[in-house]
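Engineer: Here you go, one structure.
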Amino acid sequence: MKKKLNELAATAICGNDISSSCLYVSALAIVYAGQFAWISLLIVSAVLYLFRKIYGEVVGALPLNGGAYNALLNTTKKSTASFAASLTVLSYMATAVISASEAIKYAHSLWSGIPIVYATILLLLVFMGLVILGIGESSKVAIVIFIFHLTSLVILCFFSIYFLFNNGFETLITNFKAPVEGSITKALFFGFAAAMLGISGFESSANYVEEQNKGVFPKTLKNMWIIVTVFNPLLAFLALAIIPLSTINANEETLLSFMGDLTGGNWLLYVVSIDATLVLSGAVLTSYVGVGGLVERMALDRILPKEILRKNKRGSSYLIFIAFFLLS
């Protein structure tokens, strides 16, 4: 009998994708919503909470790989479901390439000798090889990355809070007194729109629900929701509490590593940068696993050729992953 994923393993695979949003979504929300960014991120969390209930119920009733495609297949026309599935595959391709590229860019900031383009291709190739070995092997790597990432975020938050209480609340007060462009409502709306990027990956768990133990899927949704609710607003608030708004805007792409350098010194900058490299690489793994479950379901429904379902000795549909790598 094929061994299925437990709660930690299943959460780690999809959690690396959604939790990697901490690296960019806080700064992005601050750019658009200023001092109200953390509120926009909390609103996103509230929307996600409502969506979690619906998504959990739908997939629980139809526990098959494919996520939104599978739900649409049973509620609308096959052409509509196929179109949604095609967009999902494109989304996974974009996620894989962008995550791999950003991971290498963080690694390049630590060692400038890394060739970004070739290293990005190599990273995509490495994770293709990993998923071909099987989802069990992939989950072990995902768990290590996931635990290291959450640990790094906790350390960063701790040092940021310590820095805040040691240096006073003047920056926080100044930032909250800063004028708002337009109105508060406009700032919250644009911040909310930008922050919605931070929930990318929430849908991934449903694309490999058949690989999970019974009852694990709703727990993965809950765990991802908790991560997004705690870390995204908290990191945005702490950034506003210790860094002037103008400086945040100037360090948008590497805000968390800048926070690490400011609050803990050079060692914490390195920890956050290494964490960013790893967790963004984990998002590449999520893309492979997610697209594998989705394309396999489409092939079983005769939307794609059944030849791509050919499996190796480990039970992995390797042709799907090879095609995904080449197209990416």
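Engineer: For volume of the Cα convex hull per residue in Å³, the choices are [x] 131; [y] 148; [z] 160; which was calculated from the structure?
Structural biologist: Correct label is [x].
Engineer: Grab the other residues whose beta carbon is less than 12 angstrom from that of residue 286, score K and R as +1, D and E as -1, and report the net. All intermediate terms of the calculation are to be shown ahead of the outcome.
Structural biologist: Numbers: positive: none; negative: 17, 203.
Around residue 286, the charge tally is -2.
Engineer: Can you tell me, using C-alpha contacts under 8 Å and at least 6 residues apart, the relative contact order of region 1-138 as a whole percent? Don't jump to the answer; show the numbers that get you there.
Structural biologist: Values: 54 pairs, mean separation 18.7, N = 138.
Relative contact order for region 1-138 comes out at 14 percent.
Engineer: Between rounded, prolate and oblate, where does region 94-165 land on the alpha carbon gyration tensor, with a ≥ b ≥ c its root eigenvalues, rounded for a/c under 1.5, else prolate if a/b exceeds b/c? Please report the intermediate quantities before stating the final value.
Structural biologist: Details: a/c = 3.09, a/b = 1.43, b/c = 2.16.
Oblate, because a/c is 1.5 or more while a/b does not exceed b/c.
Engineer: Once you keep just the Cα pairs under 8 angstrom separated by 6 or more residues, what percentage relative contact order results for region 180-328? Could the numbers behind the result be given before it?
Structural biologist: Values: 75 pairs, mean separation 27.3, N = 149.
Dividing the mean separation by the residue count of region 180-328 yields 18 percent.
Engineer: Right, another one. Please give the per residue accessible area of the chain, computed with a probe of 1.4 Å over protein heavy atoms only, in Å².
Structural biologist: 46
Engineer: Excluding residues on the same chain fewer than 8 positions from residue 140, give the lysines whose Cα lies under 26 Å from its Cα.
Structural biologist: Correct list for residue 140: 2, 3, 4, 105, 214, 219, 222, 311, 313.
Engineer: Can you compute the helix-only [θ] at 222 nm over the chain? Use -39500 (n - 2.57) per DSSP H run of at least 4 residues, normalise by all residues, nearest 500 deg cm²/dmol. Don't skip to the answer; put the middle values down first.
Structural biologist: Values: 14 runs with 244 residues, N = 328.
Theoretical 222 nm ellipticity from helices: -25000 deg cm²/dmol.
Engineer: Which of the lysines could a cross-linker span from residue 177 if the Cα-Cα distance has to be under 18 Å and same-chain partners fewer than 8 positions apart are dropped?
Structural biologist: Counting by Cα, and skipping residues close in sequence, residue 177 has these lysines nearby: 186.
Engineer: Please give, to one decimal in nm, the separation of the simple spin-label points placed at residue 46 and residue 267, each 7 Å out from Cα toward the Cβ.
Structural biologist: It works out to 4.2 nm between the two label points.
Engineer: Roughly to the nearest percent, how much of the accessible area of the chain is carbon and sulfur, given a 1.4 Å probe? Could the numbers behind the result be given before it?
Structural biologist: Details: 10250 of 15140 Å².
Exposed carbon and sulfur together represent 68 percent of the surface.
Engineer: Moving on. So who's got an amide H within less than 5 Å of the one on residue 5, skipping anything under 5 residues away but keeping other chains? H placed 1.01 Å off N, in plane.
Structural biologist: Excluding prolines and chain starts, which carry no amide H, the hits are 212, 213.
Engineer: Helix check for the chain. Which DSSP H runs span at least 27 Å along their own axis by Cα, with a mean Kyte-Doolittle hydropathy no less than 1.0?
Structural biologist: Working: long enough: 37-61 (36 Å, 1.44); 78-110 (48 Å, 0.70); 135-167 (47 Å, 1.60); 216-242 (39 Å, 1.50); 266-300 (52 Å, 1.25).
TM-like helix candidates: 37-61, 135-167, 216-242, 266-300.
The values are calculated or read from the model by the stated rules, or taken from the named source; none is laboratory data. Just so it is clear, the structure is predicted and the values come from calculations on it, not from any experiment. Positions of Cβ are generated from backbone atoms using ideal geometry, with glycine treated the same way; all protein chains shown enter the neighbour counts. Ligands, DNA and RNA are excluded from the accessible area calculation, which covers all protein heavy atoms including side chains. Shrake-Rupley method; radii C 1.70, N 1.55, O 1.52, S 1.80 Å.
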